[in-house]
Amino acid sequence: MSIYIQSASQISFQQPLCEKWLDEPILPIQSFNQPMEPDYKQFIAPAESRRMGKLLKRAVATALDTLAKGGCEMPDAIISGTGLGCVENTEKFLNAVIDNEEECLPPTPFMQSTHNTISSQISLKLQCHGYNSTYSHRGTSFDSALLDAVMQLQLGRVNTALVGGYDEMTPAYFKMLGKLGYWRDGDVSIDELKKDGIPGAISGGASVSALLGNKNTQNALCQLVDTEIFSCNSVEKLQNKLHSFLNRCQSETAEIDAVMCGLSGDKANDDVYRDLLCKEFPTIPTLWYKHLFGESFCASGYGIYCASHLLNAGKVPDLLIYNGKFEKFVVNNILIINHFQNNDFSLTLLTKCHN
Amino acid sequence: MEQLIEELKKEIIEVLNLEEMTPADIDENAPLFGEGLGLDSIDALELIVLMEKNYGIKLQNAEQGKEIFKSVRVMAEYIQEHRTK
């Protein structure tokens, strides 16, 4: 059975709910990046949104936009990934616990501090009573949600699944991660991020979703051949996993037109990609996306989102090319590789729709 | 009393995140729940927290809330009579 990405949308520091980044990308000027908010009134009535935190508004708007673009009123499943849930509300609640000496605690931030609030809020908005699940597996949260959706479709339990990755970066959390050396100091230009051996990436939130279905609709962006997540602690083992994944997809490295990686500019993150690319794909162009969408627990969702739209658009803007050159102008197959802390990996193969 | 009503309206707007509203939009005699502002049970919890945090009033049982939260004016009258801060 074939699986298609019927639509995909995002809110980030690029223009929200559209693909203007293909032609007019917004380049980061600092490590701390906040999303560009769309007009939420188009999606959520003021009375409804007053109790929603920023991340919930983003998630609902992204989900509704994805469904509208996919021509789907009601998905059979809503599956979300989130590393931290609505962390802004968690912070509000915890600060109130301290400030009010464990008394007079506000109920709204408490309710919204649970991770599964996001998936629940989307289903409440849609009145969707189908399968609803949330994965909170740090850097593989989105990938886990995607894998679940693919398996649900493969088993024939659902015909459509809305998959999303949602996370927010608060100033307090940014500061904490900064102390651990997560973020780039100073210059965050693309050339600087590409330089080898420098620590730190740029941050971003995540609100990205895709509608998966078993039908090749008129507007479908691409076909999802397969996806896999696994733990692995050496490049040799990663190579073996890659070969068995491509065998299962009945594909070979030579058939891959581009490899989309979670390269972020952070040496600790990028070295494993460089090593693998050098050994397995020395002549195939490498694409990246985190320089335009930032690093977050669900950033890998933007990899799927970007690759889907590149396959649909049939073009790859120069800014998305990390290195290499396209010998031909047709891009049919994109392999997406992501990892979290050099240990948890995901592989996804997307191919152009053949109508 | 009028000053307390104005203060209370501002606090209600803030705590319930009524972004679109100003104090002038709230009729102090209109019901807070059902009609009027159309608040719900979660809002009732927020108002109970507001009463305790800002005015030191601890409601002993939920039944009291039905009377106290009838309108902003009734709420203000109760606060004026029972406030400890």
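Structure above, values below:
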{"quantity": "Reachable aspartates and glutamates from B:Lys58, criterion Cα separation under 14 angstrom, eight or more residues apart if same chain", "calculated": "A:Glu103, B:Glu46, B:Glu81"}
{"quantity": "Those residues of region A:89-113 for which accessible area with every protein chain present is at least 40 Å² below the isolated value (1.4 Å probe)", "calculated": "A:Cys104, A:Pro107"}
{"quantity": "For region B:2-82: rounded, prolate or oblate by the Cα gyration tensor [a/c cutoff 1.5]", "calculated": "rounded"}
{"quantity": "Among the listed pairs A:Lys54/A:Lys125; A:Lys54/A:Lys175; A:Lys92/B:Lys85; A:Lys125/A:Lys175; A:Lys215/A:Lys328, those beyond 26 Å (Cα-Cα)", "calculated": "A:Lys125/A:Lys175; A:Lys215/A:Lys328"}
{"quantity": "Protein accessible area in region A:225-351, 1.4 Å probe - carbon and sulfur %", "calculated": "49"}
{"quantity": "Rounded percent of accessible protein surface that carbon and sulfur make up, region A:94-161, 1.4 Å probe", "calculated": "51"}
{"quantity": "Euclidean distance between Cα centres, region A:89-142 to region A:1-72, Å", "calculated": "19"}
{"quantity": "Overall dimensions of region A:225-351 by Cα: Rg and Dmax, Å", "calculated": "13.2, 36"}
{"quantity": "Surface share of carbon and sulfur [accessible, 1.4 angstrom probe, percent] for chain B", "calculated": "49"}
{"quantity": "Accessible surface, region A:3-213, averaged per residue in Å² (probe 1.4 Å)", "calculated": "42"}
{"quantity": "Integer Hz, Karplus 6.51/-1.76/1.60 couplings in order for region A:134-139, x for Gly and Pro", "calculated": "10, 10, 10, 10, 6, x"}
{"quantity": "Estimated buried accessible area (total), pair A and B, 1.4 Å, Å² to nearest 100", "calculated": "1100"}
{"quantity": "Mean residue ellipticity (222 nm) of chain A, computed from DSSP H runs ≥ 4 via -39,500 (n - 2.57), nearest 500", "calculated": "-10500 deg cm²/dmol"}
{"quantity": "Amide proton proximity set for A:Thr134, modelled H, under 5 Å, gap of 5+", "calculated": "A:Ser80"}
{"quantity": "For region B:3-33, residues shielded by at least 10 square angstrom of accessible area compared with the chain on its own, probe 1.4 Å", "calculated": "B:Leu16, B:Asn17, B:Leu18, B:Glu19, B:Glu20"}
{"quantity": "Among A:91-97, A:221-227, A:256-262, the order from most to least packed when residues are scored by Cβ within 10 Å on average", "calculated": "A:256-262, A:221-227, A:91-97"}
{"quantity": "Residue among A:Pro109, A:Pro317, A:Pro38 with the largest mean-square fluctuation in a Gaussian network model of chain A, springs linking Cα atoms under 10 Å", "calculated": "A:Pro317"}
{"quantity": "For A:Gly262, distant residues with modelled amide H under 5 Å away", "calculated": "A:Ile337, A:His339"}
{"quantity": "Accessible area expressed per residue, region A:216-355, with surrounding protein chains retained (probe 1.4 Å, Å²)", "calculated": "39"}
{"quantity": "Overall form of chain A per C-alpha gyration tensor (a/c, 1.5; a/b vs b/c)", "calculated": "oblate"}
{"quantity": "Using θ = phi - 60° and Karplus 6.51 cos²θ - 1.76 cosθ + 1.60, couplings along region A:72-80 (whole Hz; Gly, Pro as x)", "calculated": "10, 7, 9, x, 6, 9, 10, 10, 10"}
{"quantity": "Amide H partners (placed H, <5 Å) of A:Asp226, local residues excluded", "calculated": "A:Leu349"}
{"quantity": "Vicinal HN-Hα couplings computed from phi for region A:206-215 (Karplus, 6.51 cos²θ - 1.76 cosθ + 1.60; Hz; Gly/Pro x)", "calculated": "9, 8, 9, 9, 9, 9, 9, x, 9, 10"}
{"quantity": "Alpha carbon centroid spacing (whole Å) that separates region A:168-190 from region A:243-279", "calculated": "26"}
{"quantity": "Violating pairs (Cα-Cα greater than 31 angstrom) within the set A:Lys237/A:Lys315; A:Lys57/B:Lys9; A:Lys69/A:Lys194", "calculated": "A:Lys237/A:Lys315; A:Lys69/A:Lys194"}
{"quantity": "Rounded if a/c under 1.5, otherwise prolate or oblate - region A:3-213, Cα gyration tensor axes", "calculated": "oblate"}
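The values are calculated or read from the model by the stated rules, or taken from the named source; none is laboratory data. Here the structure is a predicted model, which is why all the values come from computation and not from measurement. Don't worry about glycine lacking a Cβ; one is built from the backbone with ideal geometry, like all the others, and counts go over all protein chains shown. To get the accessible areas, we keep the full protein, side chains included, count just its heavy atoms, and leave off ligands, DNA and RNA. Shrake-Rupley method; radii C 1.70, N 1.55, O 1.52, S 1.80 Å.
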